[in-house]
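The values are calculated or read from the model by the stated rules, or taken from the named source; none is laboratory data. Since the model is a prediction, treat every value here as computed from it, not as a measurement. With ideal geometry, Cβ positions are generated from the backbone for all residues, glycine too; neighbour counts draw on all protein chains shown. Only protein heavy atoms, including side chains, enter the accessible area calculation; ligands, DNA and RNA are left aside. Shrake-Rupley method; radii C 1.70, N 1.55, O 1.52, S 1.80 Å.
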Amino acid sequence: MNRFSITALRTMAVAAILFLAPAANAGTIALVPSTASVTEGSTFLIDVVASDLQLSGFDLGLTFNPARVSFGVADIAFGTALGSSLQIPTLGLDTLQLYEVSFADPSQLADNQTGSFKLATITLTALSPGIAVFSLSDYGLSDLSDPPYLITGTTLTGTEVTVNAASPPPASDVPEPSSLFLVLAGCGALICGRLRRN
């Protein structure tokens, strides 16, 4: 599938959800980091966690600062709560769009989605010191009804991770000037001795 086909498919699915479905009640989707503070060069995780929701599909946007963190499409793992599904991550310069539509039976989805559950996990690498801010956008959430209803009023919670500077490498031992002078004087004496013999 080329990029245009994927974008067209996603746009049509979201349009159908947004314009044809009545509104349903909402819960929370939050970004949950594995740690609040990391050292530059190290990796950490951010989970996209849904609570008090039962979903048959979602289209979420995540905004981040590419000067602070990096990751690729291969660093994104979708959760298992939506069962057999179409999963499309799209990575831009400073945005990630996560799209998933389930093919599973609504009763199976209801069993998989009790309480809180992961929609996706992202593995990131910290690049430079500072505060890495992550925020969420809701482009469309659909519930388990047939046809699916649009879920509105969902609370979206972003997060921050502090990236600390890496410790400088330990200083190597530097010879004292007097030791260096003695070594050079010894080398000079050997060279002078050889020159006098010749």
Problem set entry | Scan of segment 118-161 for residues that are among the charged types (D, E, K, R) and open to solvent by less than 50 Å² (accessible area, probe 1.4 Å), ordered by number | Asp143
Problem set entry | Candidate set from segment 24-56 (those that are part of a loop (DSSP other than H, G, I, E, B) and open to solvent by less than 30 Å² (accessible area, probe 1.4 Å)); member that is farthest from Ser85 (Cα to Cα) | Gly27
Seminar exercise, completed: Turns out the strands (runs of 3 or more DSSP E) fully within segment 57-111 with at least 2 residues that are free of Cβ contacts under 8 Å to residues at least 60 places away in the same chain and open to solvent by less than 50 Å² (accessible area, probe 1.4 Å) are 76-78, 85-91, 95-102
Exercise. Among the residues of segment 2-16, is there at least one that is modelled with pLDDT under 95, open to solvent by less than 40 Å² (accessible area, probe 1.4 Å) and in a loop (DSSP other than H, G, I, E, B)?
Worked result: no
